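One structure is given below, encoded as structure tokens.
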Amino acid sequence: MRSDGATRAPYAGVEGWLDDIGLSLLDLRSKEAEALFRRIGITFAVYGEGGDPERLIPFDLIPRVIAAAEWERLSAGIKQRARALNAFLYDVYHRREILRAGRIPSRLVTQNDAFLPEMIGFEPPGRVYSHIVGVDLVRTGPDDFFVLEDNCRTPSGVSYMLENREIMMRMFPDLFEDGLVRPVDGYAADLRRTLEEVAPPACKQDPQVVVLTPGPFNSAYYEHSFLADSMGADLVEARDLYVQEGRVWRRTTRGPEVVDVIYRRIDDDFLDPLAFRPDSALGVPGLMHAYLSGGVTIASAPGAGVADDKAIYTYVPEMIDFYLGEAPILPNVQTFKCSEPDDLSYVLDNLRDLVVKEVAGSGGYGMLVGPRSTEAEVEAYRARIEADPEDFIAQPTLDLSAAPTLASGKIVSRHVDLRPYCLVGKQIRLTPGGLTRVALREGSLVVNSSQGGGVKDTWVLSKES
């Protein structure tokens, strides 16, 4: 929708469809979609709130639509960031030229909790560290897209992108008959191909790929299982794997089978109890030795998290200029670094108007949305910032774009963001669209499912409407 309430051109088809089916049928189909999600078991988990943590993620049937020309620009900008972020990771674990040039403060890298000294000097296959890059985008005007943050470790939510489309095609198959909406069902094959392209030097046959999960109690276990099944890969836990003679092996009823590529959904600290946390029951003893000696590929690479720290995010435009010699296609949101005295002073003076985030935070937790916070909440957060300024960044409260959304039997406007998933191997692949997250609470800017947000199908049009 435009700010004047008129329908934007890409939504013309959706508007006609909504007029044809009416609210009562749309509401009925919404309940049917919820039943399908429940039957399939598409859930996420929220811990620490008591009761059953397993929840259905709210799914809104009204799609978010992106015009062909808009996607062309977004695609170029997302791929540009993926290239720059991987170049940065290679550099900081090797010559550190960007640090020596003074373009990024060294302390933000070398004192970063995600920086792993074990990775210094190691060259991963294809020099790829972050194989799946999730770029969170927000729209603030007809032609204004901004990057809110980058996710270089294990960005979640892609299973919802795929299941959202599957549900829409089941419910309304006629909407896709003319081929105007670009498909997303090639993602799993592209992910498999990407992982095979970064097989380790020791791999001399067709690469064997597995998905390493912490297990069924993890909040994203459904997605782990879904992706393994979609790729035709085995879903494994640490107990299924062992290291011998520099290679990783999987225990099977047919005997041991070699593993070449591990798409891990486990944090660095828990990957290998011999290298990191000795109390980890989720990791594989000796895994890092096998990795560093070229016996297996871990995707994404240990230590890749240094690139998606929220303080590092502020320097991605510098990376694009430094490594690629290009101007950023997609700008960052204006960001104030509380580690800088002038920025800190501004933030403390304007807390009521800003969104403040923990540098290492995720999932919408631990943030302050100034305009929607009480005086007590603002003052409590002020004390946290003053105690440790380097742990926080702040951004203006953006006038996020809204999309039509079904709520309580009515079509209303709700704020949305977008997370496309960029795959990096020998080639860079980008599925058209991504996961649209929607803030279902009226006036809310927080779209995370853990904070009451929902999801939509994302339509990228194949031609201008």
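In region 272-299, the qualifying residues are those that are free of Cβ contacts under 8 Å to residues at least 40 places away in the same chain and more than 26 Å from the chain's Cα centre (by Cα), and the one that is surrounded by the most Cβ atoms within 10 Å (Cβ to Cβ) is P273. Looking only at residues that are of a type outside the set (D, E, K, R) and open to solvent by 30 Å² or more (accessible area, probe 1.4 Å) in region 453-465, which one is modelled with the highest pLDDT? It comes out as S462.
Rundown of residues vs (1) assigned to a loop (DSSP other than H, G, I, E, B); (2) modelled with pLDDT of 95 or more, yes/no style:
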residue: L99; (1), (2): no, yes
residue: R107; (1), (2): no, no
residue: N112; (1), (2): yes, no
residue: G121; (1), (2): yes, yes
residue: V135; (1), (2): no, yes
residue: E149; (1), (2): no, no
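Considering only residues that are among the β-branched types (V, I, T) and under 25 Å from D309 (Cα atoms), look in region 373-427 and name the one that is modelled with the lowest pLDDT. Per the criteria, the residue is T397.
Selection of region 305-325 for residues being part of a loop (DSSP other than H, G, I, E, B) and either in contact with an Asp or Glu (Cβ under 7 Å, 6 or more places away or on another chain) or farther than 17 Å from S130 by Cβ (or both) yields D308, T314, G325. Considering only residues that are β-branched (V, I, T) and surrounded by 22 or more Cβ atoms within 10 Å (Cβ to Cβ), which ones fall in region 116-131? The answer is V128, and nothing else. Kindly establish whether E318 is open to solvent by 60 Å² or more (accessible area, probe 1.4 Å) and touching a helix residue (DSSP H, G or I) at 6+ places or on another chain (Cβ under 8 Å). When the stated conditions are applied, E318 passes them.
The residue list A383, A387, A376, A402 contains one member that is within 20 Å of R139 (Cβ to Cβ), of a type in the set (G, A, S) and surrounded by fewer than 18 Cβ atoms within 10 Å (Cβ to Cβ), which is A402.
The set of residues from region 132-171 being closer than 21 Å to V211 by Cβ, open to solvent by 10 Å² or more (accessible area, probe 1.4 Å) and touching a Leu at 6+ places or on another chain (Cβ under 6 Å) comprises just one member, Y160.
The set of residues from region 19-56 being open to solvent by less than 30 Å² (accessible area, probe 1.4 Å), among the aliphatic types (A, V, I, L, M) and either part of a loop (DSSP other than H, G, I, E, B) or at pLDDT 85 or above (or both) comprises L26, A33, L36, I42, V46.
M168 - would you say it is over 16 Å from the mean Cα position of the chain (by Cα), assigned to a helix (DSSP H, G or I), touching a residue at least 12 places away in the same chain (Cβ under 8 Å) and at negative phi? For M168, the condition - over 16 Å from the mean Cα position of the chain (by Cα), assigned to a helix (DSSP H, G or I), touching a residue at least 12 places away in the same chain (Cβ under 8 Å) and at negative phi - is met. In the set P328, P371, P302, only one residue is open to solvent by 60 Å² or more (accessible area, probe 1.4 Å) and either assigned to a loop (DSSP other than H, G, I, E, B) or not hydrophobic (A, V, I, L, M, F, W, C) (or both); that residue is P371.
The values are calculated or read from the model by the stated rules, or taken from the named source; none is laboratory data. Quick caveat, the model's predicted, so the values are computed rather than measured. Positions of Cβ are backbone-derived with ideal geometry, glycine not excepted, and every protein chain shown enters the neighbour counts. Side chains included, ligands, DNA and RNA excluded: accessible areas come from the protein's heavy atoms. Shrake-Rupley method; radii C 1.70, N 1.55, O 1.52, S 1.80 Å.
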